[in-house]
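Undergrad: I'd like to ask you about the structure that follows.
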Amino acid sequence: MRGWMIFGRLARATAVVLLLVLAVLALIPRYRTYEEYRRKRDRMRDENRRLAELARDLEIRAERLLSEPEFAKQVAREAGMVEAGEVVFKFTNAPSASATDAWEGTRP
């Protein structure tokens, strides 16, 4: 009789351990999915912060373009624009070293 009691307890303990192991094995894929979503959320938050900062910088730049004529002129020049009546000189090739040396030799 005592042997059956020990066997019953051992069987219940084994069943509990087996159920716990099965529960853990069933939850591992869900935990991996959870971690994947958490990492994706963190990346999206970082991207949102970066885009919000970029939007703030662009708003400031737009305000400056409207309120500061000199800034607008500087930005236009950086974009290659010129004012009316200006003459633009475009150089396609840099002078060679021999041409530069010859020029320097003709100076008084």
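The values are calculated or read from the model by the stated rules, or taken from the named source; none is laboratory data. Values in this document were obtained by computation on a predicted structure and should not be read as measured data. Using ideal geometry, Cβ is built from the backbone for each residue, glycine included, and neighbour counts are taken over all protein chains shown.
Undergrad: Going residue by residue through the stretch 56-65, is there one that turns out to be touching a helix residue (DSSP H, G or I) at 6+ places or on another chain (Cβ under 8 Å) and of a type outside the set (Lys, Arg)?
TA: yes
Undergrad: Out of all the residues in the stretch 47-55, is one or more within 36 Å of the chain's Cα centre (by Cα), at pLDDT 95 or above and over 30 Å from GLN74 (Cβ atoms)?
TA: Residues of the stretch 47-55 within 36 Å of the chain's Cα centre (by Cα): 47-55.
Filter once more, keeping what is at pLDDT 95 or above: 47-55.
Then keep just the ones that are over 30 Å from GLN74 (Cβ atoms); that gives 47-48.
Looking through the stretch 47-55, at least one residue is within 36 Å of the chain's Cα centre (by Cα), at pLDDT 95 or above and over 30 Å from GLN74 (Cβ atoms).
A quick yes/no check of all residues on (1) under 32 Å from the mean Cα position of the chain (by Cα); (2) surrounded by 10 or more Cβ atoms within 10 Å (Cβ to Cβ); (3) at pLDDT 85 or above:
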position	(1), (2), (3)
SER67	yes, no, yes
ALA76	yes, yes, yes
GLU83	no, no, yes
VAL88	no, no, no
ALA102	no, yes, no
GLY105	no, no, no
PRO108	no, no, no
